[in-house]
Amino acid sequence: MSELFHRKLERSAIGFVIAIIAAASVGGIVEIAPLFTIDETVEEAPDMRVYTPLELAGRNIYVREGCYACHSQMIRTLRDEVERYGPYSLAVESQYDRPMLWGSKRTGPDLARIGGKYSDFWHVAHLNNPRDVVPESNMPAYRWLGRTPLKMDDLPKHLAAQQSLGVPYTDEMVENAARDAYGQATPDTDFASGVTERYGEETTVSAFDGVATQVTEMDALVAYLQVLGRLTDAAYRGTAASEQPSDPEG
């Protein structure tokens, strides 16, 4: 009987089109309906801060170099993942990511909680030659990042674009983007204090690549890696997480 119905449906162009629309509508409703309750389902993180201009520049480099193709930033609720990487990822942690970099492929480890796990020096050594710190690594080297000055004059435009997408950058942050990027990587300059004033006292100001006389793409990428999982501690509240985010100063 079901086979006969299927044959009749296939022979009726109008009926077949209506069936396709009905099936597609069900799928669409299943995907769209949850968005109407997103305000109730997404966690709140009043302590969450935005990326600094230097960290945002590092994120852009991360995207440019295709790091997301081998590294995910999404820890699932599976026990083995939580034990290996840390508390599972929350939706609120990605609210300022435009676009999101959750990823799905793990040629390398998940990086959602990499911030503060290793020192700046470790990250620089790893990016210069991954085999120096992880002998079995098949990751390519990114030595040129330490030799390439970071382009900072267009950072206000990058922040303005994020602002137009809903990221709560203030006009002051946009205006001072280039100065703040320089100040975060040169802690001994007068620009450094402006970074903590605008982005919070917990913002890390450091010569990330070990050289305080210039700001390179290595500075930016390391700054970004060191803040992953540290924009908010929401994942450690009300969960079974046994530890708090690591302290890079400790």
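Every read-out reported here was derived from the displayed coordinates using simple, explicitly stated rules and does not represent laboratory data. Note that the coordinates shown come from a computational prediction; the quantities given were computed from them, not determined experimentally. Glycine gets a Cβ as well: all are built from the backbone with ideal geometry, and neighbour counts include every protein chain shown.
Arrange the peptides 179-186, 217-224, 65-72, 24-31 so that the one whose residues have, on average, the most other Cβ atoms within 10 Å appears first.
Working: 179-186: 24.8, 217-224: 28.9, 65-72: 16.8, 24-31: 9.6.
Answer by packing, highest mean first, reads 217-224, 179-186, 65-72, 24-31.
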Quiz item: Lys/Arg Cβ at +1, Asp/Glu Cβ at -1, dipole of the chain taken about the Cα centre: which of VAL167, PRO156, ILE21 is farthest positive-ward?
Solution: ILE21
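How big is the Kirkwood radius of the chain, worked out from every pair of different alpha carbons and given in Å to one decimal?
Details: mean 1/r = 0.0489 Å⁻¹.
20.5 Å is the Kirkwood radius here.
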Quiz item: Non-local amide H neighbours of THR216 (under 5 Å, H modeled in plane, Pro and chain starts lacking H): which ones?
Solution: LEU150
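Once every DSSP H run of n ≥ 4 in the chain is given -39500 (n - 2.57) and the sum is divided by its residues, what mean residue ellipticity at 222 nm do you get, rounded to the nearest 500 deg cm²/dmol? Show your work: numbers first, answer last.
On the way: 11 runs with 105 residues, N = 250.
It comes out at -12000 deg cm²/dmol, rounded to the nearest 500.
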Self-check item: Mean-position separation - Cα centroids, the range 145-159 and the range 93-109, in angstrom
Solution: 22 Å
Quiz item: Which whole-Hz couplings ³J(HN,Hα) result when phi for each residue of the range 219-231 is put into the Karplus expression 6.51 cos²θ - 1.76 cosθ + 1.60, θ = phi - 60°, listed in order with x for Gly and Pro?
Solution: 3, 5, 5, 5, 4, 5, 4, 6, 9, 5, x, 10, 6
Self-check item: Full-stretch length increase - GLU197, ARG64 - with 0.36 nm per residue and alpha-carbon distance subtracted
Solution: 44.9 nm
Quiz item: What is the distance, in nm, between label points placed 7 Å from the Cα along the Cα-to-Cβ direction at LEU4 and at ASP190?
Solution: 9.1 nm
Quiz item: Based on Cβ point charges of +1 for Lys and Arg and -1 for Asp and Glu, what charge dipole magnitude is obtained for the chain about its Cα centre, in debye rounded to the nearest 20?
Solution: 1320 debye
Exercise. Run the quick spin-label model on PHE121 and ASP233: label points 7 Å from Cα toward the beta carbon, then report their separation in nm to one decimal.
Key: 2.7 nm
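Give me the percent relative contact order of the chain, please, defined on Cα pairs under 8 angstrom at least 6 residues apart.
Working: 331 pairs, mean separation 65.4, N = 250.
In percent, rounded to a whole number, it is 26.
Rg over Rh of the range 33-135, using C-alpha atoms and the Kirkwood radius, what does it come to?
Numbers: Rg = 15.3 Å, Rh = 15.5 Å.
We get a ratio of 0.99 for the range 33-135.
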Quiz item: Could you list, bin by bin from short to long, the percent of Cα-Cα pairs of the range 72-198 in 5 Å steps?
Solution: 2, 9, 12, 15, 18, 19, 15, 8, 2, 0
Quiz item: So, counting K/R as plus one and D/E as minus one, what does the shell of residues with Cβ under 13 Å around ASP47 add up to?
Solution: -3
Quiz item: Taking R0 as 41 Å, what's the FRET efficiency between GLU83 and LEU165 from their Cβ-Cβ distance, rounded to 0.05?
Solution: 0.70
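Return the FRET efficiency for the residue pair VAL133, GLU172: r is the Cβ-Cβ distance, R0 is 25 Å, and the value is rounded to the nearest 0.05. Can you show the working numbers first?
Numbers: r = 39 Å, r/R0 = 1.56.
It comes out at approximately 0.05.
Once the mean 1/r over all distinct Cα pairs of the range 44-103 is inverted, what Kirkwood radius in angstroms do you read off?
One decimal place: 12.9 Å for the Kirkwood radius.
Can you compute the charge dipole magnitude of the range 21-87 about its Cα centre, using +1 on each Lys and Arg Cβ and -1 on each Asp and Glu Cβ, nothing else charged? Give it in debye, rounded to the nearest 20. Before the final figure, lay out each step's value.
On the way: 6 positive and 11 negative charges, 67 e Å.
Taking the Cα centre of the range 21-87 as origin, the dipole is about 320 debye.
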Practice problem: Towards the positive end of the charge dipole of the chain, with charges on Cβ (+1 Lys, Arg; -1 Asp, Glu), say which of SER94, PRO187, VAL63 has the farthest Cα. | Solution: VAL63
